[in-house]
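J.: Mind having a look at this structure? Questions to follow.
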Amino acid sequence: MEAGATIQDNADGSTKRFRAKRDAILAAAAQAINEQSAKGMTFADVAQRVGLNTTSVTYYFKRKEDLAAACFEYTLDQLQAMLADAMELPTPQQRVARYLALNMDRLARIQRGEATSFAVLSDLRAMEEPVRGRLMAGWRDVFRRTRALWGPGETRAHTDLFGARAHVLLENTFWLPVWLVRYDPDQFSRVEQRLMAVFANGIAPDTARWTPSRIDLDHDEGESGREAFLLAATRLINELGYRGASVQKIASQLNVTKGSFYHHLDAKDDLVIACYRRSLDTITNAQRLSEEVPGSYWQQLSSTIATLLEIQFSERGPLMRTTALSGLPRSVRSAMVARSNRIARRYAGMMNDGIAEGSIRAIDPLIAAQALMALQNAAFDMRKWASTMPRDRAIAYYASTLMFGLFDDRVLAI
């Protein structure tokens, strides 16, 4: 009996060691993906992060693609587990609050060194088949389960609205690690309460109505020359990530040679920077021109958001996603994130003035501004959803998620 027990103990110990080392590799790979993208991650970098040699890593994962896929599958599994936990509660608001609380708790544990970061899912579309198909199916299931937090849609309009709410909720929890670093861990519970207040009640007071004005940003409708390159590149980089959108793919989409590409830009990094600056200029321009919109600060804010969502859902768009910065030099990345933060502070200033005026609900404007950044940043992914309905309705539904909150149905009357 003792000999059998010893054999079993050894087997259990070996299994635990295997799992522990595999988990450490996955955690290191997730960090590398978040910093450099899935295509930019290397076995050598991952091995160095966990104190192994490259051969040891290949013992657990034969190919880099297998390792990246395992990281993404782990993220999807964890999201499924949190959603299943949230679904145990009886009402949509309680479920959303629980899902947010689970995310905040995870981020607090990461801050304390008790857990590791998830791999961001922005590179899923850049994976090769058949892995890509499997991962995208997993993501669609996560989206459907998130939408189910609001229960079954009574009508097609409810289902459409619940889809917008699910997407904005998911994207806000993905965006949290970017800006939560500005808060000390003992403030996390306060941040959670203030963010949930925006989710629950929205930015606008109960008396507000959705009547935005369209801001004329004076876009070049011809999209010729350099502008056409930037627009095509932005679309591809948003879809495939920085590493997945090659110069050849961008040139092919425009039906030009790589030589023509380099006539406009010196290098791919220059392209990404130019695309990002174009997007940030567009947002800043919309914010600035909104000051000329007659009416309250609510009218100015809603007009800004409606105008930017119109760009995201139309052929004039899209705006560059912040995830495209992965793989760029740290100094460039920092400069772009700093400008993004200035845009968020401008939103916060607009809301501060609106709170004083009475046209904006009494919310934490800094937190609400970051929620708006997540909304406008991620709207590109909802182009297909938006194409199934009149454009104005798509904009109203998507914007209502934060403007009126995740549980207010007044937008259905539009």
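J.: What number goes with the only condition from (1) modelled with pLDDT of 95 or more; (2) outside any helix (DSSP H, G or I) that Val256 does not pass?
T.: (1)
J.: Any idea which of Leu319, Leu280, Leu309, Leu289 is under 20 Å from the mean Cα position of the chain (by Cα), at pLDDT 85 or above and surrounded by fewer than 20 Cβ atoms within 10 Å (Cβ to Cβ)?
T.: That would be Leu280, the only listed residue that is under 20 Å from the mean Cα position of the chain (by Cα), at pLDDT 85 or above and surrounded by fewer than 20 Cβ atoms within 10 Å (Cβ to Cβ).
J.: Please go through the range 366-385 and pick out each residue that is out of contact with any Lys or Arg (no Cβ under 9 Å at 6 or more places or on another chain) and either part of a loop (DSSP other than H, G, I, E, B) or not polar (S, T, N, Q) (or both).
T.: If the condition is that a residue be out of contact with any Lys or Arg (no Cβ under 9 Å at 6 or more places or on another chain) and either part of a loop (DSSP other than H, G, I, E, B) or not polar (S, T, N, Q) (or both), then Ala371, Leu372, Met373, Ala374, Leu375, Ala379, Met382, Arg383, Lys384, Trp385 are the ones that fit.
J.: Taking Ala369 as the residue in question, decide whether it is free of Cβ contacts under 8 Å to residues at least 60 places away in the same chain and within 16 Å of the chain's Cα centre (by Cα).
T.: Yes; evaluated as a whole, the condition is true for this residue.
J.: Then there is this: Report whether or not Tyr397 is over 25 Å from Val120 (Cβ atoms) and of a type in the set (Phe, Trp, Tyr).
T.: Numbers: over 25 Å from Val120 (Cβ atoms): yes; of a type in the set (Phe, Trp, Tyr): yes.
Against the criterion (over 25 Å from Val120 (Cβ atoms) and of a type in the set (Phe, Trp, Tyr)), Tyr397 qualifies.
J.: Using the structure shown, decide if Thr116 is surrounded by fewer than 21 Cβ atoms within 10 Å (Cβ to Cβ), in a loop (DSSP other than H, G, I, E, B) and of a type in the set (Val, Ile, Thr).
T.: Numbers: surrounded by fewer than 21 Cβ atoms within 10 Å (Cβ to Cβ): yes; in a loop (DSSP other than H, G, I, E, B): yes; of a type in the set (Val, Ile, Thr): yes.
Here the answer is yes, as Thr116 does meet what is asked.
J.: Further question on the same structure: What residue, of Phe143, Phe174, Phe162, is within 27 Å of Glu65 (Cα to Cα), modelled with pLDDT of 95 or more and either in a loop (DSSP other than H, G, I, E, B) or not charged (D, E, K, R) (or both)? Before you say what the answer is, go through the steps one by one.
T.: Details: Phe174 fails: modelled with pLDDT of 95 or more; Phe162 fails: within 27 Å of Glu65 (Cα to Cα).
Only one candidate passes the filter, namely Phe143.
J.: Tell me the residue from Ser334, Ser359, Ser387 that is over 19 Å from the mean Cα position of the chain (by Cα), more than 18 Å from Asn172 (Cα to Cα) and surrounded by fewer than 17 Cβ atoms within 10 Å (Cβ to Cβ), please.
T.: It is Ser387.
J.: Filter the range 51-104 down to the residues that are touching a residue at least 24 places away in the same chain (Cβ under 8 Å) and not in a helix (DSSP H, G or I) and list them by number.
T.: Leu52, Phe61, Met87
J.: Checking Met104 against (1) modelled with pLDDT under 95; (2) under 18 Å from Leu176 (Cα atoms); (3) in contact with a helix residue (DSSP H, G or I) (Cβ under 9 Å, 6 or more places away or on another chain); (4) not hydroxyl-bearing (Ser, Thr, Tyr), only one condition comes out false. Which one?
T.: Against the list (1) modelled with pLDDT under 95; (2) under 18 Å from Leu176 (Cα atoms); (3) in contact with a helix residue (DSSP H, G or I) (Cβ under 9 Å, 6 or more places away or on another chain); (4) not hydroxyl-bearing (Ser, Thr, Tyr), Met104 comes up short only on (1).
The values are calculated or read from the model by the stated rules, or taken from the named source; none is laboratory data. Worth saying up front: this structure is predicted, and the values here are computed from it rather than measured. Cβ sites come from the backbone with ideal geometry, for glycine too, and all protein chains shown count toward neighbours.
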